[in-house]
1. Find the residue count for the range 47-87, including only residues that are surrounded by 13 or more Cβ atoms within 10 Å (Cβ to Cβ) and acidic (Asp, Glu).
2. Here are some residues: GLU115, GLU85, GLU42. Which one is charged (D, E, K, R) and at pLDDT below 90?
3. Within the range 20-46, work out how many residues are of a type in the set (A, V, I, L, M), over 22 Å from ARG95 (Cβ atoms) and exposed (fewer than 14 other Cβ atoms within 10 Å of the Cβ).
4. Please state which of the following conditions ALA9 fails to meet, knowing it meets all the rest: (1) in contact (Cβ under 8 Å) with a residue 40 or more places away in the chain; (2) surrounded by 14 or more Cβ atoms within 10 Å (Cβ to Cβ); (3) farther than 22 Å from ILE93 by Cβ.
5. Answer yes if at least one residue in the range 42-55 is in contact with a strand residue (DSSP E or B) (Cβ under 6 Å, 6 or more places away or on another chain), under 28 Å from ASP12 (Cβ atoms) and either assigned to a loop (DSSP other than H, G, I, E, B) or of a type in the set (Lys, Arg) (or both), and no otherwise.
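The values are calculated or read from the model by the stated rules, or taken from the named source; none is laboratory data. Everything quoted here is computed from the prediction, not taken from an experiment. Here the Cβ is made from the backbone with ideal geometry for all residues, glycine too, and neighbour counts use every protein chain on show.
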Amino acid sequence: MIMVDYEIAQADVPEFLAAMNVRRRIRIRDGAQQWTLLRDLENPDVWTETYHVPTWVEYVRHHERRTQADAESYQRLLKLHRGKEKPKVHRMIERQAVSLKDDTPLRNPPDAAAE
């Protein structure tokens, strides 16, 4: 799952929504599934675009397929974004819940070196 956080001023919301309509079509064209746009109720300037990509390879391909129109769409969103840095991208991997004894940690636990 990919999540992208944007900070958008209230006055720019109509233009942002129009830009996200274009972005949605691009994402779906490139294989994204379950695309959504969320607005933070506690901080209404924060909008989060989410979508699923079946595999990491598909995600990488998605970024290699960019056209000039795709780049222009992204630049339009960057101009609307009010954050101090570029929009924050979260790349998440989904997994089924498993018991702790069957879980494989991504890193060693802090006390593993003591054993």
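1. 3
2. GLU115
3. Step one: filter the range 20-46 for residues of a type in the set (A, V, I, L, M), giving 20, 22, 26, 28, 32, 37-38, 41, 46.
Checking the rest, the ones that are also over 22 Å from ARG95 (Cβ atoms) come to 20, 22, 26, 28, 37, 41, 46.
From what's left, exposed (fewer than 14 other Cβ atoms within 10 Å of the Cβ): 28, 41.
Of the residues in the range 20-46, 2 are of a type in the set (A, V, I, L, M), over 22 Å from ARG95 (Cβ atoms) and exposed (fewer than 14 other Cβ atoms within 10 Å of the Cβ).
4. (2)
5. Within the range 42-55, one or more residues are in contact with a strand residue (DSSP E or B) (Cβ under 6 Å, 6 or more places away or on another chain), under 28 Å from ASP12 (Cβ atoms) and either assigned to a loop (DSSP other than H, G, I, E, B) or of a type in the set (Lys, Arg) (or both).
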